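The values are calculated or read from the model by the stated rules, or taken from the named source; none is laboratory data. In this text, all values refer to a predicted model and were calculated from it rather than measured experimentally. Using ideal geometry, Cβ is built from the backbone for each residue, glycine included, and neighbour counts are taken over all protein chains shown.
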């Protein structure tokens, strides 16, 4: 399986800078010779051919300083610069290779997850029981949410992914899977680019899928139209997400800690364990609002 196109582009961008050390090494061989030739030409022309009157000590000093020490210092300096450049190029090459491997790994994981989702879809179409159908559908949307995060990571070149763009892909997949043919549920995502490492981006994708799926399944169970708004933002360290719907709202006496819903249990566990944050659900005048807060710095410290 070939690597994603971005890998080839990155390699092409790196090829030109990697020639710089070779050019500097070549200069270290040529420039001292040119300096020596110029000095010798000057000394021969000025002191021998034109017979310029110069003290022998000055003549020797000029020859030694400009004809020997100058080229030697130039050669040593250019060689040092070339070695430093080559070390940096080698480090960049290793990082490039590792990044290509990680991108290919994410690409393969995405393909494998998509295959699993397709197999579950086939099983769902063969089983008429509603409870089995619903369980398989939920599992498929979770798998596709994970696949979406790996798909984005397979084309990113720094081991992190923009969760705002990831959110758009996840909610669209969830909406297509969960919304009935007689419903018109609009889902909108807004916010700046926020980047997370692969592990937390995957956890975030599943959490968002569960919150949107919960809103569609319970908030709009008996409604034909509705809206879900997802808003993301960050202040340099903390990331927060708001998922708000205008559905039926939370039932009386709802408590997230004692809720027996599998989706909310999964979301709460991932927020607390993987994102090391907090999840809260509140009832508003026109439905339900879910809040997720966690630290962005912890995600970026683990660039995978």
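Would you kindly identify the strands (runs of 3 or more DSSP E) lying entirely within the stretch 117-212 that contain at least 3 residues that are under 22 Å from residue 294 (Cα atoms), touching a strand residue (DSSP E or B) at 6+ places or on another chain (Cβ under 7 Å) and in contact (Cβ under 8 Å) with a residue 60 or more places away in the chain? Steps first, please.
Values: elements: 160-162, 184-190, 195-197.
Passing ranges, in order: 195-197.
Just give me the residues in the stretch 234-255 being under 32 Å from the mean Cα position of the chain (by Cα) and at pLDDT below 90, in sequence order. Once the filter is applied, which keeps residues that are under 32 Å from the mean Cα position of the chain (by Cα) and at pLDDT below 90, the stretch 234-255 yields 235, 236, 237. Filtering the stretch 29-50 to residues that are over 14 Å from residue 71 (Cβ atoms) and either outside any helix (DSSP H, G or I) or modelled with pLDDT of 75 or more (or both) leaves 45, 50.
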